[in-house]
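Contents: one structure, followed by commentary.
The values are calculated or read from the model by the stated rules, or taken from the named source; none is laboratory data. Source: prediction; values computed, not measured. Cβ: placed from backbone, ideal geometry, glycine included. Neighbour counts: every protein chain shown. Protein only, heavy atoms only, side chains kept; ligands, DNA and RNA dropped before computing areas. Shrake-Rupley method; radii C 1.70, N 1.55, O 1.52, S 1.80 Å.
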Amino acid sequence: YQQGWDDLTADKVEPANQANLEATIRRSLELGINHIETARGYGSSEMQLGFLLPKLDRDKLLIQTKISPEVGDKFLENFETSLRKLQLDYVDFLSLHGINTSEVLAQSLAPGGALEVAQQLQREGRVRHIGFSTHATNREIIEVLSTDAFSYVNLHWYFVNDLNWEAVLEADKRDIGVFIISPNDKGGKLYEPPEKLVRLCDPLTPMAFNDLYCLGRPQVHTLSIGASKPSDFDAHIEALKYYDVAQETIAPIELKLRLEMDTVLGADWTGNWWKDIPEYQQVPGEMNVLEILRLWSLAKSLDLVSFGKMRYNLLGNAGHWFPGTNAKSFDEHALAPLVANSAFADRIPRILREANDLLLGEEVQRLSKSE
């Protein structure tokens, strides 16, 4: 809902765009939604929020921004820019934005690194809580959580992506808050659901089902709604009518979804497809086999083809934010020993080729290209 993904000057912000942003924030506050999340890399977002935030009751706001964990001096410079643009004296939550690999983690934890700077800002009262956002593998997320250096994590976990559940449990064990990234978009492009998914989620909408699927777990604390206009909150507020009976409400819908997946793909596949699949770093050319198999499974069984295309065509075009490459070309002989322990070793090459035929389209770039 911001004007753009570039760091614009104030004169480039159109009045109608700013009015929509401010109306959306005010509507969220009316509803009791007071956690506002942005990032240094989100173009004009911080600046446009800064036009409004000084007019609001600061004590009733929870403001989160995220900054790429570059070397200490650069991290501090970017934090100062964020605070200036937001027109705030402090932020409630500061995320190291994109601890997506072990290398980035090591850089962040090194003396003089981003974490050390963030901790100094916390001592000065300019930051209340320090967390991190991540698009890493489940194993790498657990590696970061095990440092006990952070109070919360922004990660991916939804009905269409259960692969990070162990990381969610690890965060819960360590009393680390869990913030779900983009459940409407990364959780299945649920604002444009296929007819099949709509039918299977009835009497809820797919968005409401996913809200309750996430919030029905006590280990999950916050969902990022990503509203682009005031009315975008309505579907989520409707879902909250079932919040106290979330598990009972979603159980029959979840059963329908999983039975459909079993019917189309086979229960042996749906219950085991991810086991003994190598991480992308282990595969020649860094093909992200695990992600490709996930997207293929969802496209084939739940008609999530549009979602699959959006994600599949990011592979190879988003760096460590969406790591690995697609299956446009791969060495089947080199892959064979890496998937030999999978129950589906003989099927995987064919599935990878089918996934590429089904999902390959035009290359997609991350909206935030500066990180």
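Orientation-averaged projection of region 108-197 equals 6.9 nm² [convex hull of Cα atoms, one quarter of hull surface area]. With q set to 0.07, 0.09 Å⁻¹, the log10 of I(q)/I(0) for the chain, from the Debye formula over equal scatterers at the Cα positions, is -0.32, -0.54. A simple count of charges around Phe150, restricted to other residues whose Cβ falls under 15 Å of its Cβ and scoring Lys, Arg +1 and Asp, Glu -1, yields -4. Within 15 Å, Cβ to Cβ, of Ile180, how many net charges do the neighbouring residues add up to if Lys/Arg are +1 and Asp/Glu are -1? Neighbour charge sum, excluding Ile180 itself: -2. When Ile253, Ile237 are compared by accessible area at a 1.4 angstrom probe, the order from most to least is Ile237, Ile253. Applying the Kirkwood pairwise sum to the alpha-carbon positions of region 13-60 produces a hydrodynamic radius of 11.4 angstrom. Relative to its Kirkwood radius, the Cα radius of gyration of region 1-159 gives an Rg/Rh of 0.98. Per residue, the accessible area of region 291-364 comes to 43 Å² when a 1.4 Å probe rolls over the protein heavy atoms.
Split the accessible area of the chain by element, probe 1.4 Å, and carbon with sulfur accounts for 51%.
Computed over all pairs of different Cα atoms, the Kirkwood value for the hydrodynamic radius of region 82-232 is 16.7 Å. In the context of the full protein assembly, His129 retains an accessible surface of approximately 80 Å², using a probe radius of 1.4 Å and ignoring ligands and nucleic acids. Computed about the Cα centre, the dipole magnitude for the chain is approximately 340 debye when only Lys and Arg (+1) and Asp and Glu (-1) carry charge, each at its Cβ. Sequentially through region 241-253, phi angles give Karplus couplings (6.51, -1.76, 1.60; θ = phi - 60°) of 4, 9, 4, 6, 10, 4, 5, 5, 6, 8, 3, x, 5 Hz, Gly and Pro residues having no value and appearing as x. Comparing Pro111, Pro183, Pro206 in a Gaussian network model of the chain (Cα springs below 10 Å), the most mobile by mean-square fluctuation is Pro111. The accessible area of Trp273, taken with all protein chains in place and a 1.4 Å probe, comes to roughly 30 Å².
For region 284-355, the average shadow cast by the Cα convex hull is 4.8 nm², which is a quarter of the hull's surface. When all alpha-carbon pairs of region 241-370 are counted, what percent fall beyond 22 Å? Value for region 241-370 (Cα pairs over 22 Å): 43 percent. Rolling a 1.4 angstrom probe over the protein heavy atoms with all chains in place gives region 21-166 an accessible area of 39 Å² per residue.
Per Stokes-Einstein, at 20 °C and 1.002 mPa s, what whole-number D in µm² s⁻¹ belongs to region 100-161, with the Kirkwood radius over Cα pairs as the hydrodynamic radius? The calculation lands on 171 µm²/s. For region 218-236 versus region 17-93, the inter-centroid distance based on Cα atoms is 17 Å.
Here the dipole of region 191-247 is about 140 debye; that uses its Cα centre as origin and unit charges on the Cβ of Lys and Arg (positive) and Asp and Glu (negative). So if R0 is 45 Å, what FRET efficiency would Asp11 and Ala345 give, r being the distance between their Cβ atoms, rounded to the nearest 0.05? Plugging the Cβ-Cβ distance into 1/(1 + (r/R0)^6) gives 0.15.
Net charge in the neighbourhood of Ser224 (other residues with Cβ under 13 Å of its Cβ; Lys, Arg +1, Asp, Glu -1) is -2.
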